[in-house]
There are 2 protein chains.
Amino acid sequence: MNQTQCVIITIGEEIVSGLITDTNSAWMGKRLYGLGIEVLEKISVKDVEEDIIGAMKYAYARVPLVLMTGGLGPTKDDLTKKALMNFFECGQIFSQSTYKEICQLMEKFGKQPTEAHRNQAFMPEIAQLLKNGMGSAPGMLMEKNGKVLISMPGVPYEMKHIFERHVGKIIQERYEVYPIFHKILMTSGEGESRLAVKISDIEDDLPEGISIAYLPGMAQVRIRVSGRGLDAEETQNLVEQIANEIESKIKPFVFGYDNEPLEKAIGKMLVGKKLTLSTAESCTGGYLAHMITSVPGSSAYFNGSVIAYSNQVKMDILGVKEKTLISHGAVSKETVMEMAENVRKLLNTDYGLATSGIAGPDGGTDEKPVGTIWIACAGPGGIKTKKLELSKDRVLNIRYTSVTCMTLLRKFILESELC
Amino acid sequence: MNQTQCVIITIGEEIVSGLITDTNSAWMGKRLYGLGIEVLEKISVKDVEEDIIGAMKYAYARVPLVLMTGGLGPTKDDLTKKALMNFFECGQIFSQSTYKEICQLMEKFGKQPTEAHRNQAFMPEIAQLLKNGMGSAPGMLMEKNGKVLISMPGVPYEMKHIFERHVGKIIQERYEVYPIFHKILMTSGEGESRLAVKISDIEDDLPEGISIAYLPGMAQVRIRVSGRGLDAEETQNLVEQIANEIESKIKPFVFGYDNEPLEKAIGKMLVGKKLTLSTAESCTGGYLAHMITSVPGSSAYFNGSVIAYSNQVKMDILGVKEKTLISHGAVSKETVMEMAENVRKLLNTDYGLATSGIAGPDGGTDEKPVGTIWIACAGPGGIKTKKLELSKDRVLNIRYTSVTCMTLLRKFILESELC
C-alpha cells in the first residue's frame, strides 16, 4: 500500500510568532485525510524568502505533493511569489485575467483598485492559476520533476474556496488514492483513563491495520477508530465492527459520531422527541444560547433566551424572587431553579436551562470562590441541578459550563424516557 | 545581535490529520516572542516514534532550545516518552512523587488510579520533572550537548500551567534574551489594501530594524510595528514613534492597541462614559452578548440580553408590533429598530443593539437571500441601522455581524460626542 504523502507549509510571521492560530492546516489535513492523502508533516515558517525556500526544498525532498498557504496578499510583507519564482527558476508575467477579476471584486465593493492590487496580478510564468472566487489572489499550481506544489492565500475562506473548487479535483485526477476509514465515537461524562479501562480488552487485541486514538476535549472525549488496508470494503467493515464493540461497552457516554458536536446531537434529540428549549443565562452570558443556535435549523426547537446579567433583570424579566436573591444569593441552587423553571414558562418551552456563577477571574468570596457555578435543567419531569467547581479562567468556565448544561439536559431527557 | 532561536514540535495524529487545531504552538510562540526568543519553525508530527525522533534530530541540529507538546497521556497511543528515551539514550525510573500527585488528583475527583495512571509515573531517568498542577503528566526538561528540550502535555491548560510556572523562568535563567518590541494598532472599518495606501509613505521609508505587518481578521485589520535592535530603549522609542505616525494617518479606524479585542475597547469606552448596554438578538443567537460578557467586569455596563429566536418572543418579551412583523418581516430595518429601542427601554440601558437576519445556510428567498442581515443601534441620540449582505456560512455570518454591531456602537458613541 503506497499512500500518497503530502507536506503542508503555512507561511506568516504572525503564525510562527503565535499572533494568530493556524487553522488552515488543520482544515486541509482533514480534507486530505478524507481523500486518502497522508499528511506527513506540517511546517510553519516566517515571511522570509530564504525560510520559505528552505521549507519548500525540505518538503520537496520528502513528498510528491506540497500544499502551501499564506503570503499572497497585496502588502509589502508578502514574499511567497518571489520565493516560488526563485525555487522554480522562472520569471513573472502580468495576468490580465487576474487583474480583471480584482477590478470586478473592487467594483462590487464600490472601490477603485490600487497600485498594490495591480502588483498582485503579476504571476510566476509557469503557474497554473486556480481561480479565487472570494478574494483577489488566485491559487497557483507549479510543477518540477514530476512533483506538485500548490500555493493558496492564507485567508481561511479564500483558501477553502480554492481547495473545494480545484485542489480536491486535482488530487483525485493525479494520484492513486488509498482511502483511510475512520469512525469517531463522541463521548461526554467520563474521562480518558476510565474509558480506556472499560475498553482495554478490545484495545489489547486489535486486528492488523486498525488503531484507536483518544482525543480529549472540553468536558468530552472523542475515541477514533481508524483502519487502513488494501481492501476498502473489508477495512470499512472492520472499522465499523470495532467501533460497535467499543460503543457497546460505554453506551451511556456516547452522544454521537464523527465529530458531531454535542449541540447538534441535542438538537436532533429535541427534534426527534418534538421538544422545545429555552435558556436563562447569567455567568455564561449567551454562550450556551450561541452553541445551541450555531446549529442550522435550531429555530425549530429553540425559542430564545434571557441573559440576566444584572439582578434587576433576573427579577424584572425572569421573575426570580427578591427574597431568594437576598437569602441565597444570585449564585445558588435556589436562584438557578427559579431561573430555569421561569424561563421555561415565560418562553413557553418544554425544557429550560439556567446558569449562574462566578466566571472570574475576580469576584469570588471564601464561601463562593471564583469558579463556583450552579446550573439547572427544568422540564416536565421536575428540576435537576448541579454545582460546578471550576477554574479561575473565565473563558474556560463559560465553555465548560455550557457543555455541562447540555450534558445535563441530555441525561435528564434520557432518564425521563426510562420512567 | 544573537537572538536565541527555538523550534516548537507538536505531536499528535489528531493535529497532523486536522482533527483538532493546534492552538498550543500559537500560544507558546506568543509567550516566547515576548521573552525575546525567536521561534524559527514549527513542526507537527504524528504519534509515531520514528517521526518524533526525526523531528527532534532536525530541530536539535538547528537550535539550542526545543519545546515539545503532546503524547504524554495515559493511553496507548502516546509514545513521546519512548522517543525521548531513545533520543537521549537513557532508561526509565519510577517517579514516586509523580505517582503520589496522580493519586492525589484522582482522590480529588473521588476516583481510584488505574494501571494506566501507574504507568504514567515511569519517567526518563535523566529528566528534570516540571510539576503539572492541573493534570497527571508532569513536564520534562532534558539536556544533551548543552542543548535543551522541554516536553509538556498536549492538553492546553496543562501546558500553559507548566509554561507559566516553570518554562518562562528556565528560559530567562539560561539564555541571554534580546527583547523584540512591537506595537499593534487594532483597526476596524477599513480594508488592508486601503490602509496600506494611507500609510505607504511611512512604509516606504522605514528606519533600519523596523518592520510593519498587516494581520487581517474578522472585519478587522491589525497593523503590527516591530523593532529589533541592540539598544532596547532606542528601539522601543522608534517603534512607538512609527506607530504614532501611522495612527495619526488612520485615526478613526484605530480602536485599540496590542491585540486588545474590540469588545474590551467597547467596554472601556462604556465604563469611561458611564454608559450601559443591552442587546436583542435574533440571528446572532447570543454570540454578541457572549463577546461582550467575555470581558471580565462587563457586568458593570452590560445588563443583559433578550435572545428572540422566535417571532413570539420578539412580540411577547421585546414588544415588537405584530403589524411590523407582518408588513416588513422579521428581517427588516423596521423590526431591528423596534428591537433595539425596546430592549434599551426594557433593560433600562443607554444603548441597545439588535440583530435580525438569515444566518444560513438555508432559509433565504429571492428578495432576502441567505446572508441578509439587519442591525440597529438605539441610544439617547436616536437609532442607526445598517444592512449587511454576507455569505452562506452560518458561523462566519454570526461572528461578522456581532463584530459589526460593536463597530456601529463605537461609531455612534463617537459621533454623538462630536455633536
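Do we find that residue B:157 is within 12 Å of chain A (Cβ to nearest Cβ) and in contact with a Leu (Cβ under 8 Å, 6 or more places away or on another chain) in this structure?
yes
Do you know which of the residues in region A:179-211 that are acidic (Asp, Glu), part of a helix (DSSP H, G or I) and closer than 30 Å to residue A:406 by Cα is modelled with the lowest pLDDT? If you could, list the steps in order and put the result at the bottom.
First, pick out the residues of region A:179-211 that are acidic (Asp, Glu): A:190, A:192, A:201, A:203-205, A:208.
Right, trim to part of a helix (DSSP H, G or I) and you get A:192, A:201, A:203.
Narrowing the set further to residues that are closer than 30 Å to residue A:406 by Cα leaves A:192, A:203.
Details: A:192: 88, A:203: 93.
Checked region A:179-211; the qualifying residue modelled with the lowest pLDDT is A:192.
Please indicate, with yes or no, whether at least one residue in region B:245-259 is more than 21 Å from residue B:188 (Cβ to Cβ) and either over 23 Å from the mean Cα position of the chain (by Cα) or more than 10 Å from every other protein chain (Cβ to nearest Cβ) (or both).
The answer is no, given that none of the residues of region B:245-259 is more than 21 Å from residue B:188 (Cβ to Cβ) and either over 23 Å from the mean Cα position of the chain (by Cα) or more than 10 Å from every other protein chain (Cβ to nearest Cβ) (or both).
If we scan region A:113-131, do we find a residue that is among the small types (Gly, Ala, Ser) and exposed (fewer than 14 other Cβ atoms within 10 Å of the Cβ)?
The answer is no; no qualifying residue exists.
Between residues in region A:332-349 that are within 12 Å of chain B (Cβ to nearest Cβ) and residues that are in a loop (DSSP other than H, G, I, E, B) and at pLDDT below 95, which pairs lie under 6 Å by C-beta distance while being six or more apart or on different chains?
Between residues of region A:332-349 that are within 12 Å of chain B (Cβ to nearest Cβ) and residues that are in a loop (DSSP other than H, G, I, E, B) and at pLDDT below 95, there is no close pair.
Find the helices (runs of 4 or more DSSP H) located wholly in region B:1-86 whose residues include 1 or more that are surrounded by fewer than 24 Cβ atoms within 10 Å (Cβ to Cβ) and more than 12 Å from chain A (Cβ to nearest Cβ), and list them. Working first, answer last.
Numbers: elements: B:13-16, B:24-34, B:49-62.
Answer list for region B:1-86: B:49-62.
Tell me, which residue of region B:187-210 that is hydroxyl-bearing (Ser, Thr, Tyr) and within 23 Å of the chain's Cα centre (by Cα) is farthest from the other protein chains (Cβ to nearest Cβ)?
Once the filter is applied, the top-ranked residue is B:188.
Are there helices (runs of 4 or more DSSP H) fully within region B:222-314 with at least 3 residues that are of a type in the set (Asp, Glu) and outside the structural domain of residue B:340 (by TED's automatic domain parsing)? List them.
In region B:222-314, B:232-249 are the helices (runs of 4 or more DSSP H) which contain 3 or more residues that are of a type in the set (Asp, Glu) and outside the structural domain of residue B:340 (by TED's automatic domain parsing).
I'd like to verify a number: residues in region B:292-311 that are out of contact with any strand residue (DSSP E or B) (no Cβ under 7 Å at 6 or more places or on another chain) and either at the interface with chain A (Cβ under 7 Å from one of its Cβ atoms) or within 13 Å of residue A:284 (Cβ to Cβ) (or both), how many?
Residues flagged as out of contact with any strand residue (DSSP E or B) (no Cβ under 7 Å at 6 or more places or on another chain) and either at the interface with chain A (Cβ under 7 Å from one of its Cβ atoms) or within 13 Å of residue A:284 (Cβ to Cβ) (or both) within region B:292-311 amount to 4.
Any residue in region A:241-248 that is modelled with pLDDT of 95 or more and small (Gly, Ala, Ser)?
Residues of region A:241-248 modelled with pLDDT of 95 or more: A:241-248.
After this cut, where a residue has to be small (Gly, Ala, Ser) as well, the list is A:243, A:248.
Yes, because at least one residue in region A:241-248 is modelled with pLDDT of 95 or more and small (Gly, Ala, Ser).
Among the residues of region B:100-109, are any of a type in the set (A, V, I, L, M, F, W, C), surrounded by 14 or more Cβ atoms within 10 Å (Cβ to Cβ) and under 22 Å from residue B:14 (Cα atoms)?
no
In region B:357-368, is there at least one residue being in a helix (DSSP H, G or I) and free of Cβ contacts under 8 Å to residues at least 60 places away in the same chain?
no
Please verify whether residue B:177 is under 26 Å from the mean Cα position of the chain (by Cα), β-branched (Val, Ile, Thr) and more than 25 Å from residue A:156 (Cβ to Cβ), treating the condition exactly as stated.
yes
Of the conditions (1) more than 11 Å from every other protein chain (Cβ to nearest Cβ); (2) of a type outside the set (A, V, I, L, M, F, W, C); (3) part of a strand (DSSP E or B), residue B:216 fails just one. Which one is it?
(1)
Out of (1) touching a strand residue (DSSP E or B) at 6+ places or on another chain (Cβ under 6 Å); (2) assigned by TED's automatic domain parsing to the domain that holds residue B:83; (3) of a type in the set (A, V, I, L, M, F, W, C), the odd one out for residue B:215 is which?
Residue B:215 satisfies all of (1) touching a strand residue (DSSP E or B) at 6+ places or on another chain (Cβ under 6 Å); (2) assigned by TED's automatic domain parsing to the domain that holds residue B:83; (3) of a type in the set (A, V, I, L, M, F, W, C) except (2).
Yes/no per residue for (1) surrounded by 18 or more Cβ atoms within 10 Å (Cβ to Cβ); (2) acidic (Asp, Glu):
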| residue | (1), (2) |
| --- | --- |
| B:369 | no, no |
| B:393 | no, yes |
| B:402 | yes, no |
| B:410 | yes, no |
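Return the only residue of B:159, B:140 being closer than 16 Å to residue B:84 by Cα, buried (at least 21 other Cβ atoms within 10 Å of the Cβ) and in contact with a Ser or Thr (Cβ under 7 Å, 6 or more places away or on another chain).
Answer to the check: B:140.
Okay, residues lined up against (1) of a type in the set (Phe, Trp, Tyr); (2) farther than 24 Å from residue A:343 by Cβ; (3) assigned by TED's automatic domain parsing to the domain that holds residue B:288:
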site	(1), (2), (3)
B:316	no, no, yes
B:323	no, yes, yes
B:374	yes, yes, yes
B:379	no, yes, yes
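Which ones in region A:165-178 are of a type in the set (D, E, K, R) and either within 12 Å of chain B (Cβ to nearest Cβ) or in a loop (DSSP other than H, G, I, E, B) (or both)?
Hit for region A:165-178 is A:176, nothing else.
Name the residues in region A:288-331 that are surrounded by fewer than 22 Cβ atoms within 10 Å (Cβ to Cβ), free of Cβ contacts under 8 Å to residues at least 24 places away in the same chain and touching a Lys or Arg at 6+ places or on another chain (Cβ under 8 Å), would you?
Matches in region A:288-331: A:296, A:315, A:325.
Specify which of the listed residues (B:40, B:72, B:19) is of a type outside the set (Asp, Glu) and either in contact (Cβ under 8 Å) with a residue 60 or more places away in the chain or in contact with a helix residue (DSSP H, G or I) (Cβ under 6 Å, 6 or more places away or on another chain) (or both).
None of the other options fit; the residue is B:72.
For residue B:352, are the conditions met, namely being crowded, with 24+ Cβ neighbours inside 10 Å and touching an Asp or Glu at 6+ places or on another chain (Cβ under 7 Å)? Don't jump to the end; show me each part of the working.
Working: crowded, with 24+ Cβ neighbours inside 10 Å: yes; touching an Asp or Glu at 6+ places or on another chain (Cβ under 7 Å): yes.
So residue B:352 fits the description; yes.
The values are calculated or read from the model by the stated rules, or taken from the named source; none is laboratory data. Quantities reported herein were computed from a predicted structural model and do not represent experimental measurements. All Cβ positions, even for glycine, are placed from backbone atoms using ideal geometry, and neighbour counts span all protein chains on display.
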